[in-house]
Amino acid sequence: MSSPESATPEGTAAPTPPTTTPPTATTPTTSLAVAAVAFASTLAPINSTMITVALPALRDDIGSAAGVSWLVIGYLVAMAALQPIGGKLGDRFGRRPLILGRLLYFAVASIGAALSTSLAMLLAFRVQQAVALALTLPNGAPLLRLLVVEGQRGRAFGLVGAATSMAAAAGPALGG
């Protein structure tokens, strides 16, 4: 017997809200999504570890260890502070457009960082890189969960994890 709250006037059970239909097969689009999430997930560890090799040279050029330390601190603070906001924005506006838009934002910030002519300019672009990645990273796993078939999710998450780990290891070599 159903409760009065869940019954309709005709006495039948109330309809359940629609749910998202889970994927039933791996498609080329799914494979592309896994590759895009893996790529996006590699940018943060590469960006974090490759600068460590450049810090001594930057300190010598700038003449200030404190100024150079802000390149690391500003990046990490922006990443930590904005990731929860990135997740909420993905919930509200969709994960795919957020990831793709922020990757473009990251590319522009990276070009700006490469062309910087002062510590202040480099710091500003480095923080913009962190903003872009902080808004991107919390949306990768939920996107994979939505797009990848349940039986293939472990493989997809394993690929993303392996790519992220390799990126962290490759960062110092790429930075120096």
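The values are calculated or read from the model by the stated rules, or taken from the named source; none is laboratory data. Keep in mind it's a predicted model, so treat the numbers as computed, not measured. Methodologically, a virtual Cβ is constructed for each residue, glycine included, from the backbone with ideal geometry; neighbour enumeration extends over all protein chains shown.
Does the range 123-135 contain any residue that is at pLDDT below 90, surrounded by 19 or more Cβ atoms within 10 Å (Cβ to Cβ) and within 13 Å of the chain's Cα centre (by Cα)? So far as the range 123-135 goes, no, none of its residues is at pLDDT below 90, surrounded by 19 or more Cβ atoms within 10 Å (Cβ to Cβ) and within 13 Å of the chain's Cα centre (by Cα). For Arg155, state whether it is modelled with pLDDT under 95, among the basic types (Lys, Arg) and surrounded by 14 or more Cβ atoms within 10 Å (Cβ to Cβ). No.
Taken over the range 158-176, the criterion of being in a helix (DSSP H, G or I) and either crowded, with 18+ Cβ neighbours inside 10 Å or not hydrophobic (A, V, I, L, M, F, W, C) (or both) is satisfied by Gly158, Val160, Gly161, Ala163, Thr164, Ser165, Ala167, Gly171, Pro172, Gly175.
For Thr49, state whether it is in a loop (DSSP other than H, G, I, E, B) and of a type in the set (S, T, N, Q). So Thr49 does not fit the description; no.
Taken together, the residues in the range 37-62 that are surrounded by fewer than 17 Cβ atoms within 10 Å (Cβ to Cβ) and either within 22 Å of Leu159 (Cα to Cα) or among the small types (Gly, Ala, Ser) (or both) amount to 3. Checked against the criterion of being in contact with a helix residue (DSSP H, G or I) (Cβ under 9 Å, 6 or more places away or on another chain) and farther than 15 Å from Ala35 by Cα, the candidates Leu135, Leu159 yield just one match: Leu135. Of the helices (runs of 4 or more DSSP H) lying entirely inside the range 61-153, those carrying at least 1 residues that are over 19 Å from Asn47 (Cα atoms) and among the aromatic types (Phe, Trp, Tyr) are 65-93.
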